[in-house]
Amino acid sequence: MPVPTLDALLTRAKEHFAVSFDKQPTVLAAAPGRVNLIGEHTDYNLGWSLPIAIDRHTVIAAAPTDEPTSTLIAMDVGESVSVDLTKPTHRDAPAWANYLLGVAKKMMPDDGVNTLAVMTSSVPIGAGLSSSAALEVAFATALLGLTGEAMERIELARRCQRAENDFVGVPCGLMDQLVSSCAREGCAALIDFQTGDVTHIPLPDPDTLAILVADTGVKHDLAQSAYADRRRECEQAAQALGVDSLRKATVSDLLSHKNSLDPILFSRAWHVIGENARVDMAVDALKAGDLPAFGRLMHQSHASLRDQYEVSCPELDTLVELAEHFTGHVYGSRLTGAGFGGCTVTLCPPDIAGELTNYLQDGYRERHGSTPTVHHVTPGCGAMLIEPE
Ligand code: GLA
């Protein structure tokens, strides 16, 4: 099925809004999903990463209401809730509403407003492409449109992250929300998580570089608890090395603690220190137009995530191995996002993208019995408010 364009999503949300509420929306907001090219599990260690926003969006059509409650409609799941956004409290279900309540609480801590809102999305849900960050950032952007307030994008991203940490209870870092709010079209976002600085690094245009995102379709149960475990292990490793975050640790620091440090903590820190260095080298490779060098760093990143950080799984490894064994020239492939399922990202010349897609799907099906969806994505821009016509 073709992926709906941003315009098509906006039209769909606007029309549904008009039919549902018998008036036009006053605000249209959109925010993208993301794919991380390199720099994985570095954000909560205050390191660096290099994600792109993708041409898949969540859009929200909204208008203020004087009613004591907001009516929020999620078109794609056919659900609607009535909640008071001025006094957000947890709800048992549906899950998506808690993201919105959390965002309302963080964006409007004092005087909230109630709203009518319709949302729809082309970001695959639960595939590790940050559908939740896209929803949070789109809603935060819509709320700014409704209240007329201005806010720095980094601050908006931080509030969305806090909504997810404190309200929804997912201990994510800042990467997803920040790239969804700040990305620039055609560029990867080099993020420094200590300073919050974002540097836009131009990518080769889609005639030269294809970005394939292959979805294993699996999400192992371990995902959430293992993520929290990794965060804790990194904190323990930093403490043992005498630094306040692993960003500040060097390879020689780590090696000098090799005998005293728990081997698991050693491996986790080894990954983080190496991954930060790989982001730096990957940016140099991009600037030099050296895609094969960029791709080699992606392979190293995957191997480190698999062997040192232990967040891969057989399904992700299969897709990466297939990309490595393909006879055409694939630049690089690695798991993207938290791991334990979700997607790989693969860079290749556009003329082999079709054949590679078939090869990944056939090879994966042979080993795991299902056909992965392969999304061909392009680097898009971050969140925006669009004038309703
Ligand atoms: C998830 C989290 C991010 C980041 C990645 C791993 O996507 O939401 O904050 O930690 O995992 O790099």
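Against the list (1) crowded, with 24+ Cβ neighbours inside 10 Å; (2) more than 16 Å from the ligand (Cβ to nearest atom), the condition residue 112 fails is (1).
Taking the options 320, 330, 279, 377, name whichever one is in contact with a Cys (Cβ under 6 Å, 6 or more places away or on another chain), surrounded by 22 or more Cβ atoms within 10 Å (Cβ to Cβ) and at pLDDT 95 or above. The conditions single out 330. If you filter the range 338-361 down to residues that are farther than 15 Å from residue 314 by Cα and among the hydroxyl-bearing types (Ser, Thr, Tyr), you find that the one that is farthest from the ligand (Cβ to nearest atom) is 359. If you go through the range 271-287 and keep only what is farther than 11 Å from residue 201 by Cα, β-branched (Val, Ile, Thr) and out of contact with any helix residue (DSSP H, G or I) (no Cβ under 8 Å at 6 or more places or on another chain), you end up with just 279. A count restricted to the range 29-53 and to residues that are out of contact with any strand residue (DSSP E or B) (no Cβ under 9 Å at 6 or more places or on another chain), polar (S, T, N, Q) and near the ligand (Cβ under 8 Å from one of its atoms) stands at 0.
Looking across the range 323-359, just one residue is in a loop (DSSP other than H, G, I, E, B), touching a Lys or Arg at 6+ places or on another chain (Cβ under 9 Å) and hydroxyl-bearing (Ser, Thr, Tyr), and that is 331.
Of all the residues that make up the range 137-160, how many are within 13 Å of the ligand (Cβ to nearest atom) and crowded, with 23+ Cβ neighbours inside 10 Å? Working first, answer last.
Pass one, the range 137-160, residues within 13 Å of the ligand (Cβ to nearest atom): 137, 157-158, 160.
Cutting the leftovers down to crowded, with 23+ Cβ neighbours inside 10 Å gives us 137, 157, 160.
Adding up the residues that qualify gives 3.
Looking for whichever is surrounded by 16 or more Cβ atoms within 10 Å (Cβ to Cβ), in the same structural domain as residue 122 (by TED's automatic domain parsing) and not aromatic (Phe, Trp, Tyr) here; the options are 238, 163, 249. Which one fits? Full working, then the answer.
Working: 238 fails: in the same structural domain as residue 122 (by TED's automatic domain parsing); 249 fails: in the same structural domain as residue 122 (by TED's automatic domain parsing).
Criteria check complete, one pass: 163.
Among the residues of the range 158-217, the ones that are of a type in the set (Asp, Glu) and either closer than 30 Å to residue 314 by Cα or free of Cβ contacts under 8 Å to residues at least 24 places away in the same chain (or both) come to 5 in all.
Report whether or not residue 335 is crowded, with 17+ Cβ neighbours inside 10 Å, more than 16 Å from the ligand (Cβ to nearest atom) and in the same structural domain as residue 365 (by TED's automatic domain parsing). No.
Report yes if residue 104 is within 16 Å of the ligand (Cβ to nearest atom), assigned to a helix (DSSP H, G or I) and in contact with a Gly (Cβ under 9 Å, 6 or more places away or on another chain), otherwise no.
Values: within 16 Å of the ligand (Cβ to nearest atom): no; assigned to a helix (DSSP H, G or I): yes; in contact with a Gly (Cβ under 9 Å, 6 or more places away or on another chain): yes.
For residue 104, the condition - within 16 Å of the ligand (Cβ to nearest atom), assigned to a helix (DSSP H, G or I) and in contact with a Gly (Cβ under 9 Å, 6 or more places away or on another chain) - is not met.
I'd like the full set of residues that are free of Cβ contacts under 8 Å to residues at least 40 places away in the same chain, among the hydroxyl-bearing types (Ser, Thr, Tyr) and in contact with an Asp or Glu (Cβ under 7 Å, 6 or more places away or on another chain), limited to the range 88-141. Those that are free of Cβ contacts under 8 Å to residues at least 40 places away in the same chain, among the hydroxyl-bearing types (Ser, Thr, Tyr) and in contact with an Asp or Glu (Cβ under 7 Å, 6 or more places away or on another chain): none in the range 88-141.
Please tell me if residue 256 is more than 24 Å from the chain's Cα centre (by Cα), on the phi < 0 side of the Ramachandran plot and of a type outside the set (A, V, I, L, M). Let's see the steps before the verdict.
Working: more than 24 Å from the chain's Cα centre (by Cα): yes; on the phi < 0 side of the Ramachandran plot: yes; of a type outside the set (A, V, I, L, M): yes.
Taking the combined requirement at face value, the residue satisfies it.
Counting just the residues of the range 77-106 that are of a type in the set (Asp, Glu) and surrounded by 13 or more Cβ atoms within 10 Å (Cβ to Cβ), which one comes out nearest to residue 159 (Cα to Cα)? The extreme case among them is 84.
Can you tell me which residue within the range 1-41, out of those that are under 26 Å from residue 64 (Cβ atoms) and among the hydroxyl-bearing types (Ser, Thr, Tyr), is farthest from the chain's Cα centre (by Cα)? Across the range 1-41, the extreme among qualifying residues is 20.
The values are calculated or read from the model by the stated rules, or taken from the named source; none is laboratory data. These numbers come from a predicted model, not from an experiment. All Cβ positions, even for glycine, are placed from backbone atoms using ideal geometry, and neighbour counts span all protein chains on display.
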